[in-house]
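The values are calculated or read from the model by the stated rules, or taken from the named source; none is laboratory data. Everything numeric here is computed off the predicted structure, so don't read it as measured data. Counting neighbours? That spans all protein chains shown, and the Cβs are built from the backbone with ideal geometry, glycine included.
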Amino acid sequence: MISAVTLLLIDPNGFLSALLKGGEKAATLSLSLLAVYCVWLGFFKVAERSGIAEKLSRLLFPAAKRLFRSQNKDAVYLAACNLTANFLGLPGAPTPLGIRAAEKFCAAREHYAADMLFVLNATSLQLLPTTAIALRLAFGSADAADIFLPTLLATLFSTLLGGTLVFLTRKRKP
């Protein structure tokens, strides 16, 4: 507010143009994000209906069962689906799966599993950073995919660190 009032007092003509340019950029960004979300959520629906997402989740299931230390097959399956959607960089798709998995973990009093799921979602290992690449394309990046390796390394490190910290700080039974 202070900067808006200052600009209005110093340069009233510049205030309106800055306001309009900011609104235009916000609308462009919103439409770009909307397009990215529509494409990738549609892609995930196709993957779900074709059975690809389920096959990937089944492939991750044994590792997810060990990772979450849970016997609740439904919750582990949902968590594996959530991780699969995160790996593929599908924006928005992992959220409902993660919420349902966390509810099931908490209902079964498996707080370690819920904590681990929360951390893995927050760190979000990205094999394909599709949203970031799409945004870079929308804003005219010369090489939008050049973030692939740095994103992979950064998310791999954050995921390993977060998972390790959850494991190390878990409550142990006496």
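Some notes on this structure:
- Every pair of residues 6+ apart whose Cβ atoms lie under 9 Å, when the first sits in the stretch 21-33 and is closer than 24 Å to GLY89 by Cβ while the second is of a type in the set (Val, Ile, Thr) and surrounded by 11 or more Cβ atoms within 10 Å (Cβ to Cβ): LEU33/THR131
- Among (1) under 17 Å from the mean Cα position of the chain (by Cα); (2) surrounded by fewer than 12 Cβ atoms within 10 Å (Cβ to Cβ) - the single one SER158 does not satisfy: (2)
- Residue within the stretch 136-144 that is modelled with pLDDT under 85, under 16 Å from the mean Cα position of the chain (by Cα) and closer than 26 Å to CYS38 by Cα present: no
- Selection within the stretch 1-13 - surrounded by 12 or more Cβ atoms within 10 Å (Cβ to Cβ) and assigned to a helix (DSSP H, G or I): LEU7, LEU8
- Annotation: of all residues in the stretch 112-133 being surrounded by fewer than 16 Cβ atoms within 10 Å (Cβ to Cβ) and either touching a residue at least 40 places away in the same chain (Cβ under 8 Å) or not in a helix (DSSP H, G or I) (or both), the one that is nearest to the chain's Cα centre (by Cα) is ALA122.
- Those residues of the stretch 61-78 which are free of Cβ contacts under 8 Å to residues at least 40 places away in the same chain, of a type outside the set (Ser, Thr, Tyr) and crowded, with 20+ Cβ neighbours inside 10 Å, in sequence order: ALA64, ALA75, VAL76, LEU78
- Only residues that are of a type in the set (Ser, Thr, Tyr) and under 8 Å from the mean Cα position of the chain (by Cα) were counted across the stretch 79-94, and they come to 0.
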